[in-house]
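**Q** Got a structure here, written out as structure tokens. Questions coming.
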There are 2 protein chains.
Amino acid sequence: MFGRVAIIGIGLIGSSIARAVRARGLARHIAIADRSADHLERAEALGLGDSLHAGADAAVVGADLVVACVPVGACEEVAKLIARDLAPGAIVTDVGSVKGSVVRQMRPHLPAGIHFIPGHPVAGTEFSGPDAGFADLFDGRWCILTPPSDDVDADAIARLTAFWRALGSNVECMTPDHHDLVLAITSHVPHLIAYNIVGTADDLEAVTQSEVMKFSAGGFRDFTRIAASDPTMWRDVFLHNREAVIEVLGRFTEDLIALQRHIRWGEGDDLFELFTRTRAIRRGIIGMGQETPAADFGRRKG
Amino acid sequence: MFGRVAIIGIGLIGSSIARAVRARGLARHIAIADRSADHLERAEALGLGDSLHAGADAAVVGADLVVACVPVGACEEVAKLIARDLAPGAIVTDVGSVKGSVVRQMRPHLPAGIHFIPGHPVAGTEFSGPDAGFADLFDGRWCILTPPSDDVDADAIARLTAFWRALGSNVECMTPDHHDLVLAITSHVPHLIAYNIVGTADDLEAVTQSEVMKFSAGGFRDFTRIAASDPTMWRDVFLHNREAVIEVLGRFTEDLIALQRHIRWGEGDDLFELFTRTRAIRRGIIGMGQETPAADFGRRKG
Ligand SMILES: NC(=O)c1ccc[n+]([C@@H]2O[C@H](COP(=O)([O-])OP(=O)(O)OC[C@H]3O[C@@H](n4cnc5c(N)ncnc54)[C@H](OP(=O)(O)O)[C@@H]3O)[C@@H](O)[C@H]2O)c1
Ligand SMILES: NC(=O)c1ccc[n+]([C@@H]2O[C@H](COP(=O)([O-])OP(=O)(O)OC[C@H]3O[C@@H](n4cnc5c(N)ncnc54)[C@H](OP(=O)(O)O)[C@@H]3O)[C@@H](O)[C@H]2O)c1
């Protein structure tokens, strides 16, 4: 499908792509770059690529597909680094969880003749680094592509779409701004409130940390999973999707205060109505194949 | 261990107790009562008990252990119904997710000579009804007992403790009020914010329901699990643990607003500090055997 694929950043997402590209035979050569010597060493030990590079610039030489898999805040640096060495006609994409900012960071540095199509596979786990990746991470999940303008080459979009389909994903295109709003509600604000409640629990003086942990099976432990995600990645997400996150958070808080008022005034019917409505959403998600129907996520005992 | 155990309410929790008592041989006779004819029929078909009763009063006759497994708001009704038929010396307990209110609802109706020791197994799933239960639900989880005063018979507490241990649980005693505060943070407020964010997502005009569902693997779908829990049970929890829920919610909102401010002003170090601190809590929960260490809860693909 591609001659040389360059993967910049060999963490959870980069290494999952490398594994999937290898397993599905989607490239003749996989070139891997990472600024971390440790990660490059692990990538070598795991046999993730055909060539390993300390510098992203060396990795992209001769590549017809370049995938930046670094934290959102590192995208401008990567664009500057690779700009001179990109092969004419190459597709440059990324996997960052925010898209408007990635466009603003990368586009100004990329030369003419490059097809720049940012992307975001909506798939992941709470772990990071090259050991955390696996080849079927993207299977059955959605990948969003956000061509930054109407004049992006249709063939390039089709090739990148075919690539993600070959990784097992469904593909949808939308504008970077719409992406950032959709992900604010389906990912960024959920992470923020998970981080927040874990912090609140940690700070309560009247409840010990040991009590919080022992009795976490009442629901709290669900939140600790996403609140254990990589701090660098998530700091960058919030710094780079500020407007949409603050907008959705405003709605969330408004709704929460209304709910608190229902509790204060004993308005049981209003609570019941919301608690019934929310069940339908989960059924829909299960119906779309985006969630397991098994009780408790099919979770194994701790 | 017991002669006759009466289980009032044969839903998720009641039927899990019935199954575990049977599997572990903890009683000679299991008497089941439920106001729902359907649930009694299912209980019969599933072979959950030795006798089935439409009225809780008939079930408790001759029982040395009575376990109310009904929504918190139904506890007073159950106490009134069974009071006259309780055997002297019987232990009366419950499994309700709120404890102060259960004490206020039940204690005034119970005759002298009864050992009243409310309880709460901190274990469950998002499903309800007699088919949802399973015998090892309580394995490795914690059960909290809240003797409502200092003069509760120590032998009775020891017998009930041994019962929960035999069901596989760890047991801890605390006051009803402390229970209600601890569970507000480890269970009730987490459920409330899960219900709330699912509601917020459903209400956004700029993002379609289909988009919310497709891209839910970004984190949102985790919240839909607990937001699919039984509406009656959860309405009752919030109506009956109002003070503690509102207190903890106040803290949560205060912290969230501080976090929003950090995002607005680009204070990345503060975000990074919180996001690092919260990881430790999950490690503690996993270390205590209350959570699986597997990525993504070991979740199976939708
Ligand atoms: N995790 C998820 O669930 C998920 C899901 C979808 C999309 N994403 C997006 O995917 C991207 C990568 O996330 P990840 O989870 O794969 O993170 P990760 O496991 O931490 O991997 C990121 C890798 O990039 C390296 N890196 C950082 N800055 C770099 C730079 N300037 N040049 C070269 N390499 C650099 C990191 O090395 P160091 O360790 O030295 O920093 C690390 O090896 C992020 O943009 C994130 O928003 C993540
Ligand atoms: N679910 C959890 O994760 C969990 C965990 C720990 C503790 N708890 C507590 O356990 C209790 C039961 O919850 P559950 O999840 O087992 O609920 P469930 O599956 O809905 O079962 C409750 C059962 O009680 C019956 N019932 C309701 N009112 C009754 C009454 N007045 N007299 C006799 N039976 C009555 C219900 O019948 P109808 O269907 O006709 O109403 C149903 O069969 C609640 O207090 C809850 O707070 C739940």
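**Q** Given the condition surrounded by fewer than 24 Cβ atoms within 10 Å (Cβ to Cβ), over 24 Å from A:V237 (Cα atoms) and away from ligand 2 (no atom under 16 Å from the Cβ), answer yes or no: does some residue in segment A:119-126 qualify?
**A** No: zero hits.
**Q** Just the residues that are in contact with a strand residue (DSSP E or B) (Cβ under 6 Å, 6 or more places away or on another chain) and not aromatic (F, W, Y), please, taken from segment A:120-140.
**A** A:H120, A:P121, A:V122
**Q** Which residues, counting only those in segment B:103-118, are away from ligand 2 (no atom under 13 Å from the Cβ) and touching a residue at least 40 places away in the same chain (Cβ under 8 Å)?
**A** Matches in segment B:103-118: B:V103, B:R107, B:H115, B:I117.
**Q** For segment A:125-134, give me each residue that is within 9 Å of ligand 1 (Cβ to nearest atom) and on the phi < 0 side of the Ramachandran plot.
**A** Passing the criteria: A:T125, A:E126, A:F127, A:S128, A:P130, A:A132, A:G133.
Yes/no matrix, rows are residues, columns are (1) buried (at least 22 other Cβ atoms within 10 Å of the Cβ); (2) within 19 Å of the chain's Cα centre (by Cα); (3) of a type outside the set (S, T, Y):
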site: B:V207; (1), (2), (3): no, no, yes
site: B:D236; (1), (2), (3): yes, yes, yes
site: B:L256; (1), (2), (3): yes, no, yes
site: B:E273; (1), (2), (3): no, no, yes
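**Q** Look through B:D34, B:D50 and report the one residue that is more than 11 Å from ligand 2 (Cβ to nearest atom), of a type outside the set (A, V, I, L, M, F, W, C) and within 19 Å of B:I82 (Cβ to Cβ).
**A** Matching residue, one of B:D34, B:D50: B:D50.
**Q** Within segment A:278-300, identify whether any single residue is facing another protein chain (nearest Cβ under 7 Å), farther than 22 Å from B:R251 by Cα and in contact (Cβ under 8 Å) with a residue 24 or more places away in the chain, and answer yes or no.
**A** Yes, that holds for at least one residue.
**Q** Got a number for residues in segment A:210-257 being under 23 Å from B:R225 (Cβ atoms), within 11 Å of ligand 1 (Cβ to nearest atom) and more than 7 Å from every other protein chain (Cβ to nearest Cβ)?
**A** Residues meeting the conditions: 3.
**Q** I've got another one for you. Specify the residue that is nearest to ligand 2 (Cβ to nearest atom); the eligible residues are those in segment B:69-86 that are without any contact (Cβ under 8 Å) to a residue 60 or more places away in the chain, more than 15 Å from the chain's Cα centre (by Cα) and surrounded by 18 or more Cβ atoms within 10 Å (Cβ to Cβ).
**A** For segment B:69-86, the residue satisfying everything is B:L81.
**Q** Report yes if B:A156 is more than 7 Å from every other protein chain (Cβ to nearest Cβ), crowded, with 19+ Cβ neighbours inside 10 Å, farther than 12 Å from B:V171 by Cβ and more than 8 Å from ligand 2 (Cβ to nearest atom), otherwise no.
**A** yes
**Q** With (1) facing another protein chain (nearest Cβ under 8 Å); (2) farther than 30 Å from A:W234 by Cβ as the list, and B:L137 as the residue in question, which single condition is left unmet?
**A** It is condition (1) that B:L137 fails.
**Q** Can you find, within segment A:164-205, the residue that is farthest from B:G124 (Cα to Cα) among those that are surrounded by fewer than 23 Cβ atoms within 10 Å (Cβ to Cβ) and β-branched (V, I, T)?
**A** Top of the filtered list is A:T175.
**Q** On to the next question. Does segment A:248-267 contain at least one residue that is touching a residue at least 12 places away in the same chain (Cβ under 8 Å) and touching a Ser or Thr at 6+ places or on another chain (Cβ under 7 Å)?
**A** yes
**Q** So, B:T186, is that one modelled with pLDDT of 95 or more, at the interface with another protein chain (Cβ under 7 Å from one of its Cβ atoms) and on the phi < 0 side of the Ramachandran plot or not?
**A** Criteria met by B:T186.
**Q** Are any residues in segment A:268-284 in contact with a Ser or Thr (Cβ under 9 Å, 6 or more places away or on another chain) and among the β-branched types (V, I, T), and if so, which ones?
**A** A:T278, A:I281 - these are the residues of segment A:268-284 that are in contact with a Ser or Thr (Cβ under 9 Å, 6 or more places away or on another chain) and among the β-branched types (V, I, T).
**Q** Something else about it: Look through A:G100, A:G89, A:G168 and report the one residue that is within 14 Å of chain B (Cβ to nearest Cβ), touching a residue at least 12 places away in the same chain (Cβ under 8 Å) and away from ligand 2 (no atom under 16 Å from the Cβ).
**A** Matching residue, one of A:G100, A:G89, A:G168: A:G168.
The values are calculated or read from the model by the stated rules, or taken from the named source; none is laboratory data. Model, not experiment: these values are computed from the prediction. Using ideal geometry, Cβ is built from the backbone for each residue, glycine included, and neighbour counts are taken over all protein chains shown.
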